[in-house]
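Q: Sharing a structure, written as C-alpha cells. Questions coming.
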Amino acid sequence: MSELTEPMTGTHLQVVLPDESPEMSPRTLVDLGIRAEELGVDAVWLPDHLLPPAPYGRAFGGVYEPLVALSHLAARTGRIRLGTSVLVAPLRDPFLLAKQVATLDALSEGRFVLGVGTGWSREEFSALGSDFTTRGARTDEALRLLRHLFEGEGAFEGRFHSYERGVFEPRPAGRVPVMVGGTSDRALRRAATWADAWQGVGLDTEGFVAARNRLRELTRRPVWAGTRIAWSGGEEEFDRTVGLFRELAAAGADSVAVWFGGAEGFGERMERFAAALR
C-alpha cells in the first residue's frame, strides 16, 4: 500500500441519506437527518439527478431536489453540516445555483457544503439539451463564477457565461466550502484547484490512499480527503464495512460517508453502525 497519513482532524462519520424512491415521504429524509445529528454524525449528503433515463434507484438517487430538501432540513437541525454528494453542476444554471447556494448558506448559518461533480449519464445530458462533452469545462467555469459572485466585484468573462454589470446578494458571510467528487485524474485536479474537500466513491483502502496521495501531489493547500462506502444489511457485510471504515481511518481519511440502503430500516442500520465505531 502507498504512503499513509494521519487525517487532518480525525476521521468523521458522515451519512448519505436515502433518496432513491418516489414513494418515500420527504419527512423521512428530515427525520433521518435529525437522527444523524443526535448520533453526532458530522454531515449528511443528498444526491442529485434531474431527468435520468431509468427509474430512480441506487444508480440514480436524487428523487427530491437536494437544495430544496436541505433548506428544509436546515430549519430542523442546528449543528450537522448539510451537503450535496454530488450536485451535477453542468446541468445547472450557475447564476441561479449561486443564488441558491448563498441563500442556503444563510438559512443554515454556514453549515452548507456544495458538493459538485460533472455527471456521468450521457442520456441525461441529452434529455436536458446539455452538451456532455464540455461538462468538465463548464463545471470548472461554474466554480470560478460562484467564487467571483461570492467574493469579487465587477464583470466576469468566461467561455460559457459572462456579465458586465450586476449586483449579487446575499453574499455569504464566510467561505462556502466546496467539495469535489470523483476519482478520475481530472476530478482530482479540479479538487486541487477549487475544492476545500474531495470525496471518492467505490474505493477500497488502497485505491483511496492512491487517489489521496495524488491529490496531495497536485496541491499544497489543505484539502479534506474523504470517500463513500455502503452497508445496506447483512451480518457479514456489516463486519466487512465496519472493518473498511476502520481501515480508511487508519489510512488517513478525514471523513467516510456511509449509505445505509433504502429508507426502510435506514435509521436502525445507521444507529448500529455508529455504535460500532464508538
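The values are calculated or read from the model by the stated rules, or taken from the named source; none is laboratory data. Here the structure is a predicted model, which means the values were calculated and not measured. Glycine gets a Cβ as well: all are built from the backbone with ideal geometry, and neighbour counts include every protein chain shown. Remember, those area values only see protein heavy atoms, side chains included, never the ligands or the DNA or RNA. Shrake-Rupley method; radii C 1.70, N 1.55, O 1.52, S 1.80 Å.
Q: Can you pull out the GluC sites (Glu not before Pro) in region 80-184 whose DSSP state is coil and whose Cβ has at most 14 other Cβ atoms within 10 Å?
A: Filter output for region 80-184: GLU109, GLU153, GLU164.
Q: Follow-up question, since we're still on this one. Excluding ligands, DNA and RNA, what is the solvent-accessible area per residue of region 1-119 at a probe of 1.4 Å, expressed in Å²?
A: So region 1-119 comes to 42 Å² accessible per residue, rounded to a whole number.
Q: Quick query: amide H of VAL113 versus all other amide H atoms, modeled in the peptide plane; which residues come in under 5 Å with a sequence gap of 5 or more or a different chain?
A: Long-range HN contacts for VAL113: LEU82, GLY83, THR84.
Q: Give, as a single signed number, the net charge of other residues whose beta carbon lies under 11 Å from the beta carbon of HIS161, with Lys and Arg counted +1 and Asp and Glu -1.
A: 0
Q: Enumerate the amide H contacts of GLY261 below 5 Å, restricted to partners 5 or more residues apart or on another chain; note that Pro and chain-start residues carry no placed amide H.
A: HN-HN under 5 Å from GLY261: TRP231.
Q: Tell me the mean residue ellipticity at 222 nm calculated for the chain from its helices only (DSSP H runs of n ≥ 4, each -39500 (n - 2.57), averaged over every residue, nearest 500).
A: Calculated mean residue ellipticity at 222 nm is -12500 deg cm²/dmol.
Q: In whole Hz, what ³J(HN,Hα) sequence does region 240-254 give by Karplus (6.51, -1.76, 1.60; θ = phi - 60°), x for Gly and Pro?
A: Calculated HN-Hα couplings, in order: 5, 6, 4, x, 5, 4, 5, 5, 5, 4, 5, 7, x, 5, 6 Hz.
Q: About the Cα centre of the chain, how large is the charge dipole given +1 on each Lys and Arg Cβ and -1 on each Asp and Glu Cβ? Please answer in debye to the nearest 20.
A: 700
Q: Order 85-94, 265-274 from most to least packed using the mean count of other Cβ atoms within 10 Å.
A: 85-94, 265-274
Q: With the chain treated as a Gaussian network of Cα nodes joined by springs under 10 Å, which of LEU46, LEU96, LEU82 yields the largest mean-square fluctuation?
A: Judging by the Gaussian network model, the answer is LEU96.
Q: Taking θ = phi - 60°, what integer Hz values does the Karplus form 6.51 cos²θ - 1.76 cosθ + 1.60 yield along region 16-24, in sequence order, with x for Gly and Pro?
A: Using θ = phi - 60°, the values come out as 8, 5, x, 8, 10, 10, x, 7, 6 Hz.
Q: Oh, and also: Of the accessible area of region 3-277, with the probe set at 1.4 angstrom, what percent is carbon plus sulfur?
A: Roughly 51 percent of what the probe reaches on region 3-277 is carbon or sulfur.
Q: Within 10 Å of each candidate Cβ there may be at most 10 other Cβ atoms; applying that plus a DSSP loop requirement, which trypsin sites (Lys or Arg not before Pro) in region 211-268 survive?
A: Passing sites in region 211-268 are ARG220.
Q: Counting each pair of different Cα atoms once, what's the Kirkwood radius of the chain in Å, rounded to one decimal?
A: So the Kirkwood estimate lands at 19.2 Å.
Q: Using alpha carbon coordinates only, what is the Rg to Rh ratio of region 165-278, with Rh defined as the Kirkwood radius?
A: 1.07
Q: Additional query: Could you compute the net charge surrounding PHE150? Neighbours are other residues with a C-beta less than 12 Å from the C-beta of PHE150; K and R count +1, D and E count -1.
A: So the surrounding residues net to +1.
Q: Still on this structure: As an exercise, identify the GluC sites (Glu not before Pro) in region 5-69 lying in DSSP coil whose Cβ has no more than 16 other Cβ atoms within 10 Å.
A: GLU23
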